[in-house]
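The values are calculated or read from the model by the stated rules, or taken from the named source; none is laboratory data. Keep in mind the model is a prediction, meaning the values are calculated, not measured. Heads up, the Cβs are rebuilt from the backbone with ideal geometry, glycines too, and the neighbour counts pull from every protein chain shown. Each accessible area value is taken on the protein alone, full model and side chains, heavy atoms only, with ligands, DNA and RNA left out. Shrake-Rupley method; radii C 1.70, N 1.55, O 1.52, S 1.80 Å.
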Amino acid sequence: MRTGDTAIPERGRLTPAETLADSRVMAGRQLRKIRRRPTYVVYLFVQPVIFVLLFRYVFGGAMDTGDISYVDYLMPGIITMTAIFGALTTGLGLTEDMAAGAVDRFRSLPIARSAVLIGRTAADLATNAVSLIVMLLIGLAVGFRPSEPIYDVVLAFALVLGFAYVFSWISAFIGLTVRDPETAQSVGFVWVLPLVFASSAFVPTAAMPAAVQTLADISPVTLVVDAARALMIGYGDAIGPALGTLAWLIALLVIFVPLAVRAFRRA
């Protein structure tokens, strides 16, 4: 196809291997951008560290978590919160690319259209994995002591990362819908903050008012936090919350991946 005197290359139907290769290029581009933006790294790591110190040393003495120390109760929740906040950057980054005209340039290239979204969410997943390792080290420094076998801890991290990956697609849909970086950031916190704080991340749901407790008990954040907590420190049953988390993740993927792809095509 030709527009004026500028040729726009075309490709026929792409194979999965070609789509994967294009997605890997898009992911590499995003990871290079992160290395060149120190302020982004500060946001990614410093804010969760502040939450750890705040809840551990300021609010920790007022929290009743029964037979376990508050720091052991807290860290699985903080780790999950860190993953969720990391997923919010997907939508923000896509709106920035649209504002800068990068998305239009990508469309002029002979690449898989889905590679932009797949590459972006994969890059954010890799960044989240690094941030969770950092948070685990911070937790160990302030007294967190996982008591379960290492493979259970790894499984907990995998579950949290899967949860974050799904939230990246939700964030992508929101960012592509609002199309404005400032709005995307504001809207992201509006729907995430109630999910995080109305959950078992920081306090047991039994201490909440009845109406809030009912919502918190079925929240996907509560389920993934409870599963991670059981896998890391043996607090409660892991199977029920883990299965509930997987059910939520599958349902959210089925809903938001097509919505994000559709929003990207219309953007």
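Points to keep in mind about this one:
- The modelled label-to-label distance between residue 147 and residue 179, using points 7 Å beyond Cα along the C-beta direction, is 5.4 nm.
- When the alpha carbon coordinates of region 138-225 are projected onto the principal axes, the ranges are 45, 33, 23 Å, largest first.
- Bins of 10 Å from zero: percent of alpha-carbon pairs in the chain: 7, 28, 33, 20, 9, 3, 1, 0
- Computed from the C-beta positions of residue 262 and residue 191, the FRET efficiency with R₀ = 22 Å rounds to 0.70.
- Charge dipole (the chain, unit charges on Cβ, about Cα centre) - positive-most of 214, 118, 171: 118
- Rounded to the nearest whole Hz, the Karplus-based 3J(HN,Hα) values (6.51 cos²θ - 1.76 cosθ + 1.60, θ = phi - 60°) of region 229-243 follow the sequence 5, 5, 6, 8, 10, x, 8, x, 8, 8, 5, x, x, 5, 5, with x at glycine and proline.
- Per residue value of the accessible surface for the chain (all protein chains in place, 1.4 Å probe), Å²: 48
- Hydrodynamic radius of region 60-193 per Kirkwood, over alpha carbon pairs, in Å: 16.4
- Heavy-atom surface analysis with a 1.4 Å probe gives the chain a carbon and sulfur content of 67 percent of its accessible area.
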